[in-house]
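Novice: What follows is a single structure, and I will ask about it in a moment.
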Amino acid sequence: MAPTITDKDFKVHHDRNQVTPFKDDEEEDAYTRYVTRYSDGTVKLRNPNIELMDQDILYHLALGNESHDLKEMFGDIKFVCMGGTPKRMDNFAHFIMNEIGYKLPAGMQLQDISAYSYRYSMYKVGPVLCVSHGMGTPSVSILMHEMIKLMYHAKCRDPIFIRIGTCGGIGIEGGTVIITDDALDGQLRNSHEFTILGETVHRPAKLDKKLARELKSLASADDPYDTIIGKTLCTNDFYEGQGRLDGAFCEFSENEKMAYLEKLREHGVVNIEMESTIFAALTHHAGIKAAVVCVAILNRLNGDQVNAPKEVMHEWQQRPQILVSRYIRKVLAQNGQLKSLLGHQGSIKSPRRFTFVQQESQAHD
């Protein structure tokens, strides 16, 4: 039987400077569930200030809980799929629409819900939300805060977040699909480091291992490429931070670079990217089941520059999307939801507030 968590336990664990260690993962999971979910499974925020605010503007998404009916627009969301570029998520939105049989009303087309933010792109395809997150941990962090708040305002029940991206492989050939088991920072710690009010805070960068295994099980023997599970290194820089020799600066030798990459490989690291630890840390802190699925666009042991032909890159980038779509189809089929879905694009509660949100977003274009 899973352990139960009480208000007394919450008070003991709530102070981040006086955290009582959990006995095991089961107790930690129970505690996380207690502080991040209401009894009906809807998302609860670890921020009491939000409930006291007259309105909450999701500034970088060009949305707000008073300008939009967020529950009407997003209350049915089960999957939030994220990728780096707006174009990639536009492509994925159209791809998943066909995969799950989602039907738009005649004469309608998918619209970028966050177009007026000029920062991120967002497309809703029935229970699937497709969002671009930009490049690097700061961009992902901004989006994640607002996406988690969106899940709260929309009263979504147990959403699943999946990052779909590209990476550099270590001893892994280009085109290989990699599902992240553990996300490690530049010092090989399974956590993400934050500076909050001048203090250093480490949050575990945990992804859902059961979800990773389930995704791996959906790889087909007929796929003309490998799908593997392994550790992912997350860096804050594309060049020096990843040991590249071709940046504007390089103060290490090729031998030193190769020794570093071999050290990573010995530690079980199979790929390098720039978003996994912040994605894992914030989803774990929010009690959200999450996974990272990337495709390697080169083997870093063979070089630093990405030089695969454009058409090859395009096909490679579809591979994680195919795997994720298989998972979404499976879950929807199990729930009896895999059928033609008539989508609606949401409603505006207050035209005046809606215009205000758009103007505020455009003011800092």
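Here, each number is a calculation from the coordinates, and none is a lab measurement. These numbers come from a predicted model, not from an experiment. With ideal geometry, Cβ positions are generated from the backbone for all residues, glycine too; neighbour counts draw on all protein chains shown.
Novice: Considering amide H positions built from the backbone, and no H for Pro or chain starts, which residues 5 or more places from Val295, or on another chain, come under 5 Å of its amide H?
Specialist: Placed amide hydrogens put Gly165, Thr166, Cys167, Ile178 under 5 Å from Val295.
Novice: Provide the per-residue ³J(HN,Hα) series for segment 189-204, in order, calculated from phi with Karplus coefficients 6.51, -1.76, 1.60 and θ = phi - 60°, each as a whole number of Hz, with x at glycine and proline positions.
Specialist: With coefficients 6.51, -1.76 and 1.60, one gets 9, 7, 7, 10, 8, 10, 10, 10, 6, x, 9, 7, 10, 10, 10, x Hz.
Novice: What number comes out for the charge environment of Asp76, summing +1 per Lys or Arg and -1 per Asp or Glu over other residues with Cβ under 11 Å away? Each step should come with its number before you reach the end.
Specialist: Working: positive: Lys71, Lys78, Lys124, Lys155, Arg157; negative: Glu72.
Within the 11 Å Cβ shell, the charges total +4.
Novice: Mean Kyte-Doolittle hydropathy of -1.0 or higher plus an axial Cα length of 27 Å or more: which whole DSSP H helices in the chain meet both? Don't skip to the answer; put the middle values down first.
Specialist: Details: long enough: 310-334 (37 Å, -0.69).
Flagged H segments are 310-334.
Novice: Measure out, as a whole number of angstrom, how far apart the alpha-carbon centroids of segment 280-327 and segment 80-128 sit.
Specialist: That distance is 18 Å.
Novice: What percent does the relative contact order of the chain come to when contacts are Cα pairs within less than 8 Å and at least six residues apart?
Specialist: Worked out over the chain, it gives 25 percent.
Novice: What share of the DSSP beta bridges in the chain is antiparallel, in percent to the nearest 5? Mind showing how you got there, number by number?
Specialist: Numbers: 20 of 50 bridges.
So the antiparallel bridges in the chain amount to around 40 percent.
Novice: As an exercise, use a Förster radius of 45 Å and the Cβ-Cβ distance of His94 and Arg213 to find the FRET efficiency, rounded to the nearest 0.05.
Specialist: Numbers: r = 29 Å, r/R0 = 0.64.
Using R0 = 45 Å, I get an efficiency of 0.95.
Novice: Also, quick follow-up: Counting only Cα atoms, I'd like the Rg/Rh figure for the chain, Kirkwood definition for Rh. Before the final figure, lay out the partial values.
Specialist: Values: Rg = 20.8 Å, Rh = 21.6 Å.
Rg/Rh: 0.96.
Novice: Peptides 269-279, 89-99, 315-325: what's the order by average Cβ count within 10 Å, highest mean first? Don't skip to the end; give the middle numbers.
Specialist: Working: 269-279: 26.7, 89-99: 19.4, 315-325: 20.9.
Order by mean packing, descending: 269-279, 315-325, 89-99.
Novice: Also, quick follow-up: In whole percent, what relative contact order does segment 229-284 give with Cα contacts below 8 Å and a gap of six or more residues? Intermediate values should be presented prior to the final figure.
Specialist: Values: 52 pairs, mean separation 28.8, N = 56.
Once divided by the residue count of segment 229-284, the mean separation gives 51 percent.
Novice: Taking C-beta distances below 4.7 angstrom as the pairing criterion, name the unpartnered cysteines of the chain, in sequence order.
Specialist: Isolated Cys, the chain: Cys81, Cys130, Cys156, Cys234, Cys250.
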